[in-house]
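First the structure, which I've put down as structure tokens, then a few questions once you've had a look.
The values are calculated or read from the model by the stated rules, or taken from the named source; none is laboratory data. Owing to the predicted nature of the structure, the values given are computational and were not obtained by experimental measurement. Cβ atoms come from the backbone with ideal geometry, glycine included; neighbour counts cover every protein chain shown.
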Amino acid sequence: MKTGTMKQTAALLALTAAALFTSCAPQANPTSYLDANQVENSNILGGLLADSNFQKAHGIVQLKIISTMGEATCTGSLIARDLVLTAAHCLADENLRGIAVLFGLDDRKLTEEQVIYATNGAINPDFLPTDDKSQVWNDIALVKLEKAAPEDFQLAKLPDAETIKQLSKGSKLTLAGYGITNAVIRKVVQGKNGKPTVVELPGRGSGTLRKVSNIVVTSITADQKEMSFNQTNLRGACHGDSGGPALLKLQDGSYIQVGVTSRGTNELGNCNEGAIYTGVYGQLEWIALATEQLNKPAAVKEEAPKADDKVAQAN
């Protein structure tokens with residue numbers, strides 16, 4: 001694990017965009033998250049509406065990623081009163097200007113108290129999108145909030161050496177997020193010139209938090225850094241669910257967050273094949289290091305980052 005200081009810069013990375021679970025349609029000129037007409041809406045595949053009790057029990061939030069190109073949707077979970085766990089690719093944008101964290105179930109029905117902006121963040125320095133299927137991406141990041149989250153939001157419970165033993169191939173998990181509801185967003189058609197052409201389809205959804213249960217783990221890497229799911233039955237994660245949690249119910253009835261939504265396996269970016277999640281247990285060392293760095297008083301004494309500053313990369 002690399003160590004070092006925070007830098008006020010976003011990671012400049014060549015992303016395999018078609019495979020990432022990012023928002024399918026960023027909006028231009030974002031102004032207010034209290035205006036329903038400003039927000040792109042979307043939900044998880046084959047899921048049910050999540051209620052406030054579920055959201056708050058697991059600290060699930062929506063992230064609006066603001067860039068010079070518009071805005072995109074991601075999901076995250078609260079792991080400290082002012083820290084959100086999410087996917088690295090949500091933050092790895094050279095055009096990033098800021099992040100708004102939304103604490104509502106529906107982004108069309110927000111109050112002022114349900115919107116908190118980020119002041120800083122950390123991307124795992126080993127994050128590296130690759131076409132090599134034998135390599136993990138380390139697709140994980142933290143976002144620092146400008147103030148504490150609402151008091152009624154609980155923190156996501158992360159696994160430890162004992163509880164992770166209950167996760168295995170065949171385990172059934174619950175996924176949650178604000179991603180789109182249609183699994184197919186691109187298709188190949190024959191163009192006028194007779195050559196295959198990729199056609200973009202609009203993402204559909206309502207902007208509310210949804211959850212889907214009984215998603216079976218099909219594989220886990222030996223280092224616990226990634227896990228996979230089969231989504232051929234059109235149930236699971238899609239664009240906008242990036243950074244969202246995979247929850248395992250323990251034998252005592254409680255839940256731990258074992259995964260963070262990373263990407264799909266379809267080359268066109270459709271969500272009808274498989275999904276890959278970053279394993280939380282395999283990233284605990286980095287999470288602890290990044291948390292320590294983000295909480296350092298020295299970082300506060302420097303010129304305070306503004307809401308539209310780029311997030312930092314820990315390296």
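What do you reckon, is Gly269 in contact (Cβ under 8 Å) with a residue 60 or more places away in the chain, outside the structural domain of His89 (by TED's automatic domain parsing), surrounded by 15 or more Cβ atoms within 10 Å (Cβ to Cβ) and closer than 18 Å to Trp137 by Cα? Spell out how you get there, then give the answer.
Working: in contact (Cβ under 8 Å) with a residue 60 or more places away in the chain: yes; outside the structural domain of His89 (by TED's automatic domain parsing): yes; surrounded by 15 or more Cβ atoms within 10 Å (Cβ to Cβ): yes; closer than 18 Å to Trp137 by Cα: yes.
For Gly269, the condition - in contact (Cβ under 8 Å) with a residue 60 or more places away in the chain, outside the structural domain of His89 (by TED's automatic domain parsing), surrounded by 15 or more Cβ atoms within 10 Å (Cβ to Cβ) and closer than 18 Å to Trp137 by Cα - is met.
Quick test for you: out of Ala176, Ala148, Ala183, Ala122, pick the one residue that is closer than 22 Å to Gly236 by Cβ and either in contact with a Pro (Cβ under 9 Å, 6 or more places away or on another chain) or at pLDDT 95 or above (or both).
None of the others qualify; the one that does is Ala176.
Further, regarding this structure: In region 193-210, what residues are assigned to a loop (DSSP other than H, G, I, E, B), among the basic types (Lys, Arg) and either on the phi > 0 side of the Ramachandran plot or modelled with pLDDT of 80 or more (or both)?
Passing the criteria: only Lys195.
Kindly indicate which of Ala176, Ala122 is in contact with a helix residue (DSSP H, G or I) (Cβ under 8 Å, 6 or more places away or on another chain), in a strand (DSSP E or B) and assigned by TED's automatic domain parsing to the domain that holds Ala246.
Among Ala176, Ala122, only Ala176 is in contact with a helix residue (DSSP H, G or I) (Cβ under 8 Å, 6 or more places away or on another chain), in a strand (DSSP E or B) and assigned by TED's automatic domain parsing to the domain that holds Ala246.
For residues that are buried (at least 24 other Cβ atoms within 10 Å of the Cβ) and β-branched (Val, Ile, Thr), scanning just region 277-291, find the one that is farthest from Leu91 (Cα to Cα).
Top of the filtered list is Val280.
Mind listing whichever residues of region 216-258 are assigned to a strand (DSSP E or B), at pLDDT below 95 and surrounded by fewer than 24 Cβ atoms within 10 Å (Cβ to Cβ)?
Correct list: Asn230 only.
If I ask for residues that are among the small types (Gly, Ala, Ser) and under 13 Å from His239 (Cα atoms), which ones from region 275-291 would you list?
Going through region 275-291, the residues among the small types (Gly, Ala, Ser) turn out to be 275, 279, 282, 288, 290.
Result: Ala275, single match.
Determine if region 126-140 includes at least one residue that is among the small types (Gly, Ala, Ser) and in contact (Cβ under 8 Å) with a residue 24 or more places away in the chain.
No, the conditions are met nowhere in region 126-140.
Against the definition (surrounded by 24 or more Cβ atoms within 10 Å (Cβ to Cβ), modelled with pLDDT of 95 or more, touching a helix residue (DSSP H, G or I) at 6+ places or on another chain (Cβ under 7 Å) and closer than 29 Å to Asn266 by Cα), how does Ala87 come out, yes or no?
In short, no.
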